[in-house]
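Take a look at the structure below.
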Amino acid sequence: MIGQGYSMIFARSRVILQELNKVLPSTLWSQQLRSGRLAAMASIHSFTHDVFQPPADIMPSNSIDKEAFKKTATIPALKVNKRCIHKVLKAFKMATFSRPRFAVIREVLTNPDEKFFLLDPQNMCDLEAMTERQQSVLKENDVEERLHEYTLELTYKDWQPHEVLQRLLPDSVEVPTGFSRVGHIMHLNLRQAQLEHKKLIGEVLLEKTPGIKTVVNKLNEIDNTYRFFNMECIAGEPDTVVTVKENHVAYSFDFAKVYWNPRLSTEHQRIIEKLHPTDVVYDMFAGVGPFAIPAAKKGCEVHANDLNPESFRWLEVNAKQNKLSSRLKASNLDGRQFAVDIVKPDLITKAKEGFKYKAHIIMNLPAIAVEFLDIFPSLLSLVPSELKDKIPEVVVHCHGFSKSDKPAEDIQSRVEDILKCRLNCPEIHDVRDVAPNKEMMCISFSMPSTILCAPTNGDIGGAGDHQTEHQTEQSGSAEGSESDQDGPAIKKPRTH
């Protein structure tokens, strides 16, 4: 009778379990079972389940007590013959005790032919956690199906930077998660609450990031003339001259005196892929050459300019060290002056020589580049009539920021307002998110010859014919028929 009662209880239990499996999500049910196994194993094995966390008794401090980070942990391990260690490692790859720069294969002091293979106690708490495949691999290689208790001595060097800072920074201060790396320099942009602890943050990141010799923090101040951020060294050597490689090209520069953004590597490559080796490139805001140098390397004739004397100096250095000085001519001018003194005469020369390829104007100064487009209307107004039809096609690649919820429409509208014409099918690319509600955009378009050659009020000679043509286009635009025009329609003034 009693036996029959137990049978009924067990049968009822199975029914309840089946019903729970139907009702509870599988992930939640598996978590409950897993938690039960972990609790049950605590009485069998003394595995340390918070092994990935430094000692909890470390108090927040702006100084580092490395002794306080010592921790003894007990983790599961398999004892494996060294001849089959790779087979076992492959089968247990997802259950390995995985830490950066941490050896998971350890010596067995009592037997040189065997190795301890360390496992993650959170994933491999007991033999039941093994898959059938893993159990099969152990049997095939005569590995004992037993989890050994391996004592692991962890010290300060074993902890990751964010783990150390989580203990040393107050709970109210967020651990820095993002940074840029430029050569041997780590570049931070610390928040206000983090500034009080900047020396500590810098020291930890310097010591625990291989290859870093200098840690700098960007200041809120920006150099209004040359548009680069000021910075302060918070740890390491105050050496800001670096050499970096991007897209197989080497660049040298003083990071504290020029603008360089490693996050623009993809954009640099995207623009270069649009160039043909026979094209000519005018880089109006060239910096140290991330567009100009690869363009010259591709075979283009390049005229590169930057107002910053330091950028100009390093631009010439980079052209020389990449053996491209014969293809790249550098200048140190204001952007508009560059258009007048370099771009204009060179386009006229190209027209006289019968140049049949494209001329690309790159304008990567997103804060204000769009404003510089005002130099191009009537830039070639005084070119002789017989040469105007021979001016190469001018393709502009202009970068700009937008805070609009429709950034593509926003940048096109701003460009059209400056040029006072409708653009014919511009290509607009979203480069990257700069900040919440702030996008970096690039608009590429063919500059209308009617804009470049538009007469000014002071033009004489043959200007009358061109003025009539320009007025005709404006009239057509006013009637909303720009789609019927061969060339771009002049844009209606906006009302505000």
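Some observations on this one:
- Filtered by the rule that a residue be of a type in the set (Gly, Ala, Ser) and part of a loop (DSSP other than H, G, I, E, B), region 181-225 gives GLY183, GLY211.
- Test for GLY178: is it part of a loop (DSSP other than H, G, I, E, B) and on the phi > 0 side of the Ramachandran plot: no
- Filter pass, ALA250 being assigned by TED's automatic domain parsing to the domain that holds LYS356, among the small types (Gly, Ala, Ser) and either closer than 26 Å to PRO392 by Cβ or in contact with a helix residue (DSSP H, G or I) (Cβ under 8 Å, 6 or more places away or on another chain) (or both): no
- Residue tally, condition loosely packed, with under 12 Cβ neighbours inside 10 Å and more than 14 Å from HIS148 (Cβ to Cβ), over region 110-127: 2
- Only residues that are closer than 27 Å to ALA286 by Cα, part of a helix (DSSP H, G or I) and among the aliphatic types (A, V, I, L, M) were counted in region 373-398, giving 2.
- Meets criteria (touching a strand residue (DSSP E or B) at 6+ places or on another chain (Cβ under 8 Å), within 29 Å of ALA250 (Cα to Cα), of a type outside the set (Asp, Glu) and surrounded by fewer than 18 Cβ atoms within 10 Å (Cβ to Cβ)) for ALA330: no
- Criterion applied to THR151, THR177 was being under 21 Å from ILE85 (Cβ atoms) and β-branched (Val, Ile, Thr), and the one residue passing it is THR151.
Matching residues to (1) modelled with pLDDT of 90 or more; (2) over 30 Å from PRO161 (Cα atoms):
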site	(1), (2)
LYS87	yes, yes
PHE102	no, no
ASN123	no, no
ALA129	no, yes
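- Filtered by the rule that a residue be closer than 21 Å to GLY335 by Cβ and not hydrophobic (A, V, I, L, M, F, W, C), region 275-293 gives ASP279, TYR282, ASP283, GLY287, GLY289, PRO290.
- Checked against the criterion of being among the charged types (D, E, K, R) and loosely packed, with under 13 Cβ neighbours inside 10 Å, the candidates ASP410, ASP389 yield just one match: ASP389.
- Filter result for the condition that a residue is out of contact with any Asp or Glu (no Cβ under 9 Å at 6 or more places or on another chain), loosely packed, with under 14 Cβ neighbours inside 10 Å and among the β-branched types (Val, Ile, Thr), over THR209, THR243: THR243
- Region 135-175: number of residues that are in contact with a strand residue (DSSP E or B) (Cβ under 9 Å, 6 or more places away or on another chain), under 18 Å from ALA56 (Cβ atoms) and among the acidic types (Asp, Glu): 2
- Inter-residue pairs, beta-carbon under 9 Å, first touching a residue at least 24 places away in the same chain (Cβ under 8 Å) and assigned by TED's automatic domain parsing to the domain that holds SER404 and in region 424-443, second assigned to a strand (DSSP E or B) and of a type in the set (Ser, Thr, Tyr), 6+ apart: ASN424/SER446; HIS429/SER444; LYS438/SER402; GLU439/SER402; MET440/SER402; MET441/SER402
- Those residues of region 341-372 which are of a type in the set (S, T, N, Q) and either in a strand (DSSP E or B) or touching a strand residue (DSSP E or B) at 6+ places or on another chain (Cβ under 6 Å) (or both), in sequence order: ASN364
- Within region 224-240, being over 21 Å from ASN318 (Cβ atoms) and surrounded by 18 or more Cβ atoms within 10 Å (Cβ to Cβ) holds for MET231, ILE234, ALA235, GLY236.
The values are calculated or read from the model by the stated rules, or taken from the named source; none is laboratory data. What you are looking at is a predicted structure, and each value in this text was computed from that prediction instead of being measured. As a convention, Cβ positions derive from the backbone with ideal geometry for all residues, glycine included, and neighbour counts pool all protein chains shown.
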